[in-house]
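Data first, discussion second: the structure below is written as structure tokens.
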Amino acid sequence: MTDFTRRQALFLAASLPFAGAVTQARAAAQKITVALDWTVNTNHIGLFVARDKGFYRDAGLDVEILPYGDTGSGTLVANRVADFGISGSLGLFTQKSAGADLKAIYAVVQSETGRVVFNADRAAIKSPKNLDGLTYGGFGSAWENALLQTIIRHDGGKGDFSTVTLGTSAYEALANGAVDFTLEVSTWEGVEAELKGLKQRSFRYADYGVPDEHTTLIVSSNAFLAANPKAAAAFVQATQAGYAFAVDNAKEAGELLVAANKDTLTNPALIDASLKALNDGHFLKTANGAIGTMDKAKMQAMGGYLFAAGILLDGNGKALKEKPDLGAYFTNEFLGA
């Protein structure tokens, strides 16, 4: 913090009426809550930049970023516990199909960051069909089986493999050879593995029959959006400015993220390397300059894939018989021009 100088004191004294007006304006700022989908990581950086650089404040908002907890962000948003939440495409499509009040309003990640990964010394694994008969370290969702079967069968395999549900320990199990392959986010777990000196090889989903997707989204509820259209637009556009700042000023943004989360982000090198991967891969902002915008064709393709795979269930747990109106699942209307 800089020293409080005499010049600053005189300036403040001269601007007291204005300061009082600003105080009143801030007091009237609309309270907004945002739920995270996981422990803090670089996918969330635009939220913290927008908050701590004052973008939300300047937009008339008082934004609280809720800590990650046991209840999923989509559930919190659909039940009006949070106004906005970070979500994956899978979470959006499956929860909304089951009746949750959700709508995607911002694409954090512009293309797929997930991949099938295995230890680099597995010479026998040359393409996905070689995963047949091996052991997958998984996370317990039906989506994983559909994804992996698509990838293996697209390569000419049968899609037959054993599954051991391990959750986040799947990465450790892969490293020590307890499982043969798993799924990881290339811009986070993949970067972390590289920093640790772990040698890996991988297959990209989109190279083997799975539609590319916006891996990470921001969602709200139709109820909130209908009641608060101006606040929603202000939030989305300030958030967009936060992510744009992180693209153009990665070092400062990374330092800000670490400073705001000192207890959880204890490895600044991981933050720097992850941001570099996100920016070099044009994940936060496409090479064509798109930031925050959801690609309609991409959203429709992923929703259609999930429907065809029987992943989209109704409120009774039954597979949807008719393809839903996927256009109702997302909107770009709150983004700036």
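The values are calculated or read from the model by the stated rules, or taken from the named source; none is laboratory data. These figures come from a predicted structure and were not determined experimentally. Reconstructed Cβ throughout: ideal geometry from the backbone, glycine too, with neighbour counts over all protein chains shown. To get the accessible areas, we keep the full protein, side chains included, count just its heavy atoms, and leave off ligands, DNA and RNA. Shrake-Rupley method; radii C 1.70, N 1.55, O 1.52, S 1.80 Å.
Considering only the other residues whose Cβ falls under 12 Å of the Cβ of LYS298, what net charge follows from Lys and Arg at +1 and Asp and Glu at -1?
Numbers: positive: LYS296; negative: GLU112, ASP212, GLU213, ASP295.
So the surrounding residues net to -3.
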* Give me the angle, in degrees from 0 to 90, between the Cα long axis of helix 229-248 and the longest principal axis of the Cα atoms of the chain, rounded to the nearest 10. => 70
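As a check on your grasp of the helix formula, calculate [θ] at 222 nm for the chain: sum -39500 (n - 2.57) over DSSP H runs of n ≥ 4, divide by the residue count, round to the nearest 500. Please list the in-between numbers first.
Values: 14 runs with 135 residues, N = 337.
The helix contribution divided over the chain gives -11500 deg cm²/dmol.
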* Based on Cβ point charges of +1 for Lys and Arg and -1 for Asp and Glu, what charge dipole magnitude is obtained for region 102-210 about its Cα centre, in debye rounded to the nearest 20? -> 220
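In Å², and per residue, what accessible area does region 184-282 have when probed at 1.4 Å with the other protein chains present?
Each residue of region 184-282 exposes 45 Å² on average to a 1.4 Å probe.
Calculate the FRET efficiency for ASP52 and LYS158 from the Cβ-Cβ distance with a Förster distance of 51 Å, rounded to the nearest 0.05.
Working: r = 51 Å, r/R0 = 1.00.
Step by step, r from the Cβ atoms, then E = 0.50.
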* Amide H neighbours of PHE330 under 5 Å, counting only residues 5+ apart in sequence or on other chains, H built in-plane at 1.01 Å? -> ALA104
* **Solvent-accessible area of TRP188 with every protein chain in place, 1.4 Å probe, in Å² to the nearest 10** => 50
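If you put +1 on each Lys and Arg Cβ and -1 on each Asp and Glu Cβ, how big is the dipole of the chain around its Cα centre, in Debye rounded to 20?
Values: 30 positive and 35 negative charges, 100 e Å.
About 480 debye.
Which of the trypsin sites (Lys or Arg not before Pro) found in region 238-337 are loop residues per DSSP with 11 or fewer other Cβ atoms within 10 Å of their Cβ? Mind dumping the intermediate values first?
Values: sites: LYS251, LYS262, LYS276, LYS285, LYS296, LYS298, LYS318, LYS321; in loops: LYS262, LYS285, LYS318, LYS321.
Sites meeting the loop and neighbour criteria: LYS262, LYS318, LYS321.
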* Structure fact -> Projected onto their principal axes, the Cα atoms of region 238-286 stretch, largest extent first, over whole-Å spans of 31, 23, 14
* **Reachable lysines from LYS199, criterion Cα separation under 22 angstrom, eight or more residues apart if same chain** => LYS126, LYS129, LYS276
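Please give the per residue accessible area of region 33-157, computed with a probe of 1.4 Å over protein heavy atoms only, in Å².
Values: 4540 Å² over 125 residues.
Accessible area per residue, region 33-157: 36 Å².
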* Would you tally the net charge around ALA98, using a Cβ to Cβ cut-off of less than 12 Å, leaving ALA98 out, and scoring K and R as +1, D and E as -1? => 0
* Expected-Rg normalisation [2.2 N^0.38 Å, Cα atoms] applied to region 222-331 -> 1.40
* What FRET efficiency would be calculated for the residue pair THR71, LEU313, taking the C-beta separation as r and a Förster radius of 25 Å, to the nearest 0.05? -> 0.80
* Asked: Given the chain, what percent of its DSSP beta bridges are antiparallel, to the nearest 5?
  -> 60
* Asked: If we count every other residue with Cβ under 12 angstrom of LEU183's Cβ, Lys/Arg +1 and Asp/Glu -1, where does the sum land?
  -> -2
* To do: Can you send over the carbon and sulfur percentage of the accessible area for the chain, probe radius 1.4 Å, protein chains only?
  => 52
* To do: Please give the solvent-accessible surface of ARG201 in Å², to the nearest 10, using a probe radius of 1.4 Å with every protein chain present.
  => 80
* Express in nm, to one decimal, how much length is gained between LYS196 and THR293 on full extension, taking 0.36 nm for each residue of separation and deducting their alpha carbon distance. => 31.5 nm
* Exposed GluC sites (Glu not before Pro) absent - longest run of the chain, DSSP non-H/G/I/E/B, at most 13 other C-beta within 10 Å -> 1-321
